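Asker: So that we are looking at the same thing, I have put the structure below in structure tokens.
The values are calculated or read from the model by the stated rules, or taken from the named source; none is laboratory data. The structure displayed is predicted, hence computed values, not measured ones. Neighbour counts are summed over all protein chains in view; Cβ atoms, including those assigned to glycine, are modelled from backbone coordinates with ideal geometry. Quick note on the areas: whole protein, heavy atoms, side chains included, nothing else; ligands and nucleic acids left out. Shrake-Rupley method; radii C 1.70, N 1.55, O 1.52, S 1.80 Å.
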Amino acid sequence: MRKISSRVHSRAPANQQPGAADRETLTMETAAIEKGEGEAFSLRMRERQHRRLRLVSHLVILILLAVETRALVTGEYVAAALVAIILSSILLTLRLNAKPGPDYAAAFALVSLTALLGYSMWSNQGLYSGALIAFPTILVIAGLITSERLFWGLLTLMLITVAVISIAAALGYHSFHPLPMGLQRWMVVSSILLLSAGTIVWLMREMRCMQRSLESEVKRLRCSQAKLTHLAGHDALTGLSNRASFNSHVARMIEMAGQRKGCIAVLYLDIDNFKTINDSLGHSAGDELIQAIASRLRQVVRDADALSRHGADEFVMALADVEDLQTAIRVAQRMQTVISQPFEVNAKQLFTSLSVGIAVFPDDGTDVDTLVRKSEVAMFQAKKAGRNTHIVHQADMASDNHDRLDIEQALRHAIARDELELFYQPIIALRGDRLIGAEALLRWRHPGYGLLGPDRFMDVAEQSGLIVEIGEWVLGQACREAVRWQTEGLKGLGVSVNLSAVQLRRNNLETVVADALASTGLGAAMLELELTESMLLEKSDQFLQLLRSLKQMGVKLAIDDFGTGYSNLSYLQRFQVDRLKIDKSFVSHIGSNEQNRAIVTAVIQMAHSLKLEVTAEGIEHQLVQRILTSLGCDHAQGYLFSRPVEADRFLEFAKAHSSIA
């Protein structure tokens, strides 16, 4: 069993971590939710308070109506008029105060009732009046459902009333005599007591109802807070830990492993071909698949391990207390087996796989960021190895990724710094040894690495999207150079330009080609666009329409490296190509390899039967040239005639070849 060996670690490209902006966004969202819930609760409480105040106002109105009726019956018209004025004022205030808010009607009603009771006491029995026992009830109501200012105002008014009555009686300004005990006095006092008791019972029920509402609101807020706390540390779709929570967990695992001199393994998992599934079946189906995969991955991890969703189709797993590297590899294999089983999504069976990168502590790093970054680098290597496999991180992977990152950063400035350059390789007509054009081949004069061929930077350009800008520059520059050939007297020389699959997937290629031709003045027939066989597998109507438009424009189409991809005779006719370019792997050994010779012969015959021209690439020997000429091959290019050269040197070659011809 292979033990974990010590490997020199170097810095890999930074892994994706949640930044301060993400945490700030989550904090703002949490605060907004809590603020919204608090405002909703406050609104409900205000509405309930408003209803209570209106009920108090209505209760006071009923009392005043009873007093009004009694005053009219007993002939106390002054009191009746005063009560009528107070009633009208309260009703008007209620009318003007229909919306929730500070209920001035209730305040006015309580003040009016207190004043009316004071007037009743002054005009009748003074402090002997049964109205006096209504004062505490009014204070209780005011203290529970109105403002503190109103409570103290009513208390002050009551104290002033009692003081005025007492002083007036003491100084002899007014005399007060209690009515004899009897049925009437019993009815008045009992009515006041019952009314006060009923009001207090109602208020007690309201208070208990409010208490239950507050308890329910507190419980709901605690649940909401718990959910927000969970969301702050977990992925909303799968329920797995998010990056911040995962990093915290793994940091503790690393600390414990360091104390025990143990090891942990970090596995970076990427779902193969998830984008295809997501684009074909929709995002809802993609989400369902992600959830199902997360559920299966949970079956593999132990309680001591950590599992996190790090991206749209990426998961990261940390294995605690790993004995050796083989343990981590076995876990990766088990995960791949679990995920390889079919998934039921939208009543369809879907199959997918995992590409896994593995890094271990302490060999590959001693902190979370480094381990995750290096496991991600290893995962990309697993992708390159054909997917559905696992790769253990090696020290040289970081170096390769450093170079790749350096190239990408420098490539972004290459056009502006005039570092890109086109070389041209002649294309020769085999019959007559006549120069008919050249293929434009991109080179990069890197300030540090020197002259680079496309094999060093083209993959980076395509994956970073820079190929679109570079492709437009190549097309325009090639057209300008072809026009230069025409002005130098080299009539009829065309130029071939290679296209990238990324350019074809863009919706503006037709416009780019038309603009290049229009801005340079090159005739469309002098431009040939080279496609690979893999590009022609695209069967969308949009792609077919693009090729038709290019053909209608007059541009020629060629299939480059024919025979190395998915050779299919049907697309030769469907896409109306003009030329096949036989890959040099078939041409270079045609003199000694009978099988290659048979293949080349068959391709030439088939192309001619379809009215297509044939160009053979990679010719380095005259024997190969003679064989191809005898087989009827139309054109050739290769080191036998010329290596790819700078624009000025190609112009010299073309002029010399033209004079010889």
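Asker: Can you list residues whose amide H is under 5 Å from Ile264's amide H, if they're 5+ apart or on another chain and H is modeled 1.01 Å from N?
Answerer: It is Val322, Phe361, by chain and number.
Asker: Sum up the charges of everything whose Cβ sits under 15 Å from the Cβ of His283, counting Lys and Arg as +1 and Asp and Glu as -1, but leave His283 out.
Answerer: Computed value for this residue: -3.
Asker: What's the FRET efficiency of Asn507 with Glu344 using the Cβ-Cβ distance as r and R₀ = 35 Å, to the nearest 0.05?
Answerer: 0.50
Asker: Hey, another quick one. Just how much of Leu72 is accessible, in Å², when a 1.4 Å probe is used and the result is rounded to the nearest 10?
Answerer: 90
Asker: What distance in nm lies between label points placed 7 Å from Cα along the C-beta direction at Glu469 and Val162?
Answerer: My value for the distance between the label points is 8.7 nm.
Asker: So, in nm, how far is label Leu62 from label Ala524 when the simple model puts each one 7 Å beyond its Cα toward the Cβ?
Answerer: Each label point lies 7 Å from its Cα, and together they span 9.2 nm.
Asker: In what sequence, largest accessible area first, do Met526, Met253, Met204 appear using a 1.4 Å probe?
Answerer: Order by accessible area, largest first: Met204, Met526, Met253.
Asker: While we're here: On full extension of the chain, what length is gained from Asp367 through Tyr128, given 0.36 nm per residue of separation minus the C-alpha to C-alpha distance?
Answerer: 77.4 nm
Asker: How much accessible surface area, in Å² rounded to 10, belongs to the heavy atoms of Thr327 with a 1.4 Å probe?
Answerer: 40
Asker: Calculate the spin-label point distance for Leu72 paired with Arg222, positioning each point 7 Å from the Cα along the beta-carbon direction, and give it in nanometres.
Answerer: Label at Arg222, label at Leu72, 5.6 nm between them.
Asker: For Glu462, what accessible area in Å² do you get when you roll a 1.4 Å probe over the heavy atoms of the protein chains, rounding to the nearest 10?
Answerer: Probe radius 1.4 Å; accessible area of Glu462 about 70 Å².
Asker: Near Arg302, within a Cβ-to-Cβ distance under 13 Å, what is the net charge of the other residues, with Lys and Arg +1 and Asp and Glu -1?
Answerer: Residues near Arg302 contribute -1 overall.
Asker: Contour minus end-to-end for Ser630 and Asp433, with contour as 0.36 nm per residue of separation and end-to-end as the Cα-Cα distance?
Answerer: Length gained, Ser630 through Asp433: 69.5 nm.
Asker: Within the range 490-504, find all residues whose amide N lies under 14 Å from a label point positioned 7 Å from the Cα of Asp648 along Cα-to-beta-carbon.
Answerer: Under cut-off, by backbone N: nothing.
Asker: Can you list the residues, at least 5 places off or on another chain, whose amide H is less than 5 Å from the amide H of Leu499, using H built in the peptide plane?
Answerer: Those qualifying (amide H under 5 Å, at least 5 residues apart or on another chain) are Glu530.
Asker: Still on this structure, please answer the following. Could you order Cys263, Cys633, Cys223 so the one with the most accessible surface comes first? Probe is 1.4 Å.
Answerer: Largest accessible area first, the list is Cys223, Cys263, Cys633.
Asker: Pull up all non-local amide H partners of His234: gap of 5 or more, or a different chain, and H-to-H distance under 5 Å with H placed in the peptide plane.
Answerer: Asn242
Asker: Run the paramagnetic zone check for Asn273: 7 angstrom along Cα to Cβ, then residues of the range 279-320 with backbone nitrogen under 15 Å.
Answerer: Taking a point 7 Å out along Cα→Cβ of Asn273, the residues of the range 279-320 whose backbone N falls under 15 Å are 279-281.
Asker: Same structure again: So for Glu613, Glu419, what's the accessible-area order with a 1.4 Å probe, most first?
Answerer: So, going from the largest accessible area down, we get Glu613, Glu419.
Asker: Okay, moving on. Suppose R0 equals 45 Å; then what is the FRET efficiency for Gln326 and Ser280 from their Cβ-Cβ distance, rounded to the nearest 0.05?
Answerer: Once the sixth-power term is evaluated, E becomes 0.75.
Asker: Then there's this: Starting from the Cα-Cα distance between Gln333 and Glu408, subtract it from 0.36 nm times their residue separation and give me the gain in nm to one decimal.
Answerer: Full-extension gain reported as 23.7 nm.
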